[in-house]
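K.L.:
Have a look at this one.
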Amino acid sequence: MISEQEFLSRVARRLGREEPERAAPRWAPERPLPAGAPKDPEALADRFQAELEKLSGQVTRVASAAAVAAEAVRILGEAGLQGRVVRWVDPALEGLGLDEALLAAGFEVVPFAPGADGADLVRKAEQAVAGITGCDFAIAETGTLVLGSSRLGEASAPGRGRVVSLLPPVHLVVVRKAQIVYSLAEVLRRTAGSPMPSQLILASGPSRSSDIENDLSVGVHGPGQVHVILV
């Protein structure tokens, strides 16, 4: 097997060049953030909200975790939704009182519980009006949510079924300000050397699909609405 440099040298010789093109610069984990990148948590939250709302996502800020459940009920109620809600079984959602508040408002709640019948959970997610998840990071630069099939740095977390964020027409996400970073590079920097999940979803707003004639459809290959409750 030849080295990368030798391969490039062979290509350069075939093209009649004496020297191969300079290799593309490689990103290094210690590379500083771009000039002008906000670092203050409130500034990062403002940028994340502004970018996500440009993509038709919606952000609601609450003063504390105690207000998350009531806000979730309000969002789903104002969207005119009734019926089943699926959610992650994850520490990010524990202690928020979501199940109690949703049940009191007339919703059926289906936790994506480890050990349950996977096919049955998928069917229930297909029939759900909303899916509720947490996230691993939120990227301020692009308004992107980072959702791992397990928590970043951990081997597995079976309560984080990806169908919860992809199949229901409404995706409701609980995000904490401490999870907001400026860029994807910062996510990679923080997780360098840690076990990675089998799947990582980078979601920037509602699903968008466009055909060859550039006809844009929203909500075909994923949720048509994305609501973030920012704590």
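The values are calculated or read from the model by the stated rules, or taken from the named source; none is laboratory data. Keep in mind that what you see is a predicted model, and the values were worked out from it rather than measured. We place every Cβ from the backbone using ideal geometry, glycine too, and count neighbours over all the protein chains shown. Note: accessible area is taken over every heavy atom of the protein model, side chains too, but ligands, DNA and RNA are not part of it. Shrake-Rupley method; radii C 1.70, N 1.55, O 1.52, S 1.80 Å.
K.L.:
Looking at the range 79-200 only, what percent of DSSP beta bridges run antiparallel? Nearest 5 please.
P.N.:
Beta bridges within the range 79-200, antiparallel portion: roughly 25 percent.
K.L.:
If you don't mind, another one. Given a Förster distance of 25 angstrom, what is the FRET efficiency for residue 66 paired with residue 42, based on the Cβ-Cβ distance and rounded to 0.05?
P.N.:
According to the calculation, E is roughly 0.80.
K.L.:
Among 109, 89, 55, which residue has its Cα positioned farthest towards the positive end of the charge dipole of the range 51-111, with +1 placed on the Cβ of Lys and Arg, -1 on the Cβ of Asp and Glu, and the dipole taken about the Cα centre?
P.N.:
Selected residue: 55.
K.L.:
Only Cα pairs under 8 Å and at least 6 apart count here; give the relative contact order of the range 39-185 as a rounded whole percent.
P.N.:
Computed value for the range 39-185: 30 percent relative contact order.
K.L.:
Give the shape of the range 38-163 as rounded, prolate or oblate, defined through the alpha-carbon gyration tensor: a ≥ b ≥ c are the square roots of its eigenvalues, a/c under 1.5 means rounded, and otherwise the shape is prolate if a/b is larger than b/c and oblate if not.
P.N.:
On the way: a/c = 1.82, a/b = 1.30, b/c = 1.40.
Judged from the Cα gyration tensor, the range 38-163 comes out oblate (a/c at least 1.5, b/c at or above a/b).
K.L.:
Continuing with this model, one more query. Probe 1.4 Å, all protein chains in place: accessible area of residue 184 in Å², nearest 10?
P.N.:
80 Å²
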